[in-house]
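Inspection log for the structure reproduced underneath, given as structure tokens.
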Amino acid sequence: RLAAMIGRGDEVQKLGSVLTHLANLGNDLGDEIAAAGWLGADGHVVGPVAIAPVADPAGFRAHLASELDQLQRELGAQGEGHGHLTVVTDETVGQPAAGPTAGDELRVWVSDAHRAVVVACTATAFNGIAAALGDGSQPFRDAPFHATIADRYAAGVDGLLAVDLGSMVRAHGGEERERLERLGLAGVQHLLLEQWSEGTTQRREAVLSFDGARHGIASWLAAPAPMGALSFFSPDSTAVAAFVMKEPALLLEDVLAGLSPEERERFATDRARFQSEHGWDPLDDLARPLGGEVAMGIDGPVVPQPAWKVVVEVYAPDRLQSGIERLVADADTQLRQHHEGTLTLAAEGDGWVIQRTRENGTQTPVHYRYQDGYLVASATAGLVDNALRYRAAGQGLLQSPRLRALLPPDRELNLSALWYQDLSGVLGPIAGVMKGLQGQAEGAQQQAMPAPLRDLAKQLGEAGPTAVFAYGEEDKIRLSSSSPRNPLGLIDMLLLKGAGMGPLAPHGREAED
């Protein structure tokens, strides 16, 4: 249902366009805005609607009347259905609109009684919000969802998107609801995306809450831990993703719990057949030896060959190595049978190398070693050696001042997941080349670089580190970022920045309920 609501790009665009126009009519419109959607009696999402305070309803109504024809023309130029707009007053709010487009037209209600402007994209949405404001009954205010929003809004957030996922899940029934129960997702409660400023720093946070302790798939992200895998990555890493998850064997148990009895029986049959035909078990020989910690990323140049690196926690290296040997042997047999080259495994000093050779002679190696309970793999043996040196010297990514500077002030280095990127080493030289070209053009009195390219060069030159930190708590999953740029771009998207609402409140608070 959330996807269905967000996916209504046409209605969101119409709402954003109208609000942008209204914001430009004068200084009467307040600096807050709330937008909402809800589930109707038929289970479909109704909305969106938006409400903004207005200091002088009469004056604002006069401004709107003087600009109404121009507004209608500009909305009409955006496409079919955009130009139909009706202005409603407190006296006419209950009167049905007429005409063939009455059900789909935009409605703007400038209310003296509520000292607010209400905008709705459809008659159904408008009638719903008008009834809620008119009859004095506010069941929403008595719901836990309202208390959650009020608590976060009182904290002084600049922008807030709140979604009552629990009500959407409860709207499902039958087999679909039973499947969610088995997967551990039926207890999902609220999704909050918020952003606020602390001095010169802008923080962003996403919180997915549950009505009890996380279980099933919802518990796959483990509690925060030291993340030793990151000690194999250098402080100059380009991009790294790391997770602390449930052990793979436990993940499989959760997956099987979400299957029907017939699906579980089919899985058991296929597993037994594979064991009989191949003489080994991928689950016992590859999955069970692994721990729950994984890190992967680019630790060095991107071209001509990406300096990729993967680090996986391992409980039983000998058992895992045996499974890798059997996997490589089986894969090599299949490749040879289909004349697609070979796959070999060979010892290499204190480690191993898996070599993929294609029929045309090209080769792709994977080098790996076991160290301190981890498997460290990379594109070259030199990168593996570097990773072990960072680990031994205690100079890994978690010790990077740039990463530590991005940590939320109330958080420690124990994490459940991390996304970190610092593209300055990659984009900085590109920015330098573009600036050089601009200087040459100006020196030769040629046409200057177009503004979009100048802006791109500026952004590339200012590229710096960004990070998102995740914490698996008992009854919620929390993502946090205080990076100068917004790595949680979903927040801006969901706050309708791209729908023309960005300029609405440049100096004030901007809320999305």
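Remarks
- Single match in 235, 261 (criterion: of a type outside the set (A, V, I, L, M) and open to solvent by less than 50 Å² (accessible area, probe 1.4 Å)): 235
- When 210, 145, 140 are checked against the criterion of being among the aromatic types (Phe, Trp, Tyr) and over 23 Å from the mean Cα position of the chain (by Cα), 140 stands alone in meeting it.
- Scan the stretch 215-226 for residues that are in a loop (DSSP other than H, G, I, E, B), touching a Leu at 6+ places or on another chain (Cβ under 8 Å) and under 28 Å from residue 258 (Cβ atoms) and the total you get is 2.
- Among strands (runs of 3 or more DSSP E) entirely within the stretch 307-419, having at least 2 residues that are touching a Lys or Arg at 6+ places or on another chain (Cβ under 7 Å) singles out 342-348, 363-371, 374-378.
Results for (1) at pLDDT below 95; (2) within 35 Å of the chain's Cα centre (by Cα); (3) open to solvent by less than 50 Å² (accessible area, probe 1.4 Å), shown as yes or no for each residue.
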position: 284; (1), (2), (3): yes, yes, yes
position: 287; (1), (2), (3): yes, yes, yes
position: 291; (1), (2), (3): yes, yes, yes
position: 294; (1), (2), (3): no, yes, yes
position: 316; (1), (2), (3): no, yes, yes
position: 356; (1), (2), (3): no, yes, no
position: 366; (1), (2), (3): no, yes, yes
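- Number of the exception - residue 326 against (1) open to solvent by 50 Å² or more (accessible area, probe 1.4 Å); (2) at pLDDT 95 or above; (3) in contact with a strand residue (DSSP E or B) (Cβ under 9 Å, 6 or more places away or on another chain): (3)
- Check on residue 376, closer than 21 Å to residue 313 by Cβ, at pLDDT 95 or above and either in contact with a Leu (Cβ under 8 Å, 6 or more places away or on another chain) or open to solvent by 30 Å² or more (accessible area, probe 1.4 Å) (or both): yes
The values are calculated or read from the model by the stated rules, or taken from the named source; none is laboratory data. From a predicted model like this one, the values you see are computed outputs, not experimental measurements. A quick note on method: Cβ atoms are made from the backbone with ideal geometry, for glycine too, and the neighbour counts reach across all protein chains shown. Areas reflect the complete protein model, heavy atoms only, side chains present, ligands, DNA and RNA absent. Shrake-Rupley method; radii C 1.70, N 1.55, O 1.52, S 1.80 Å.
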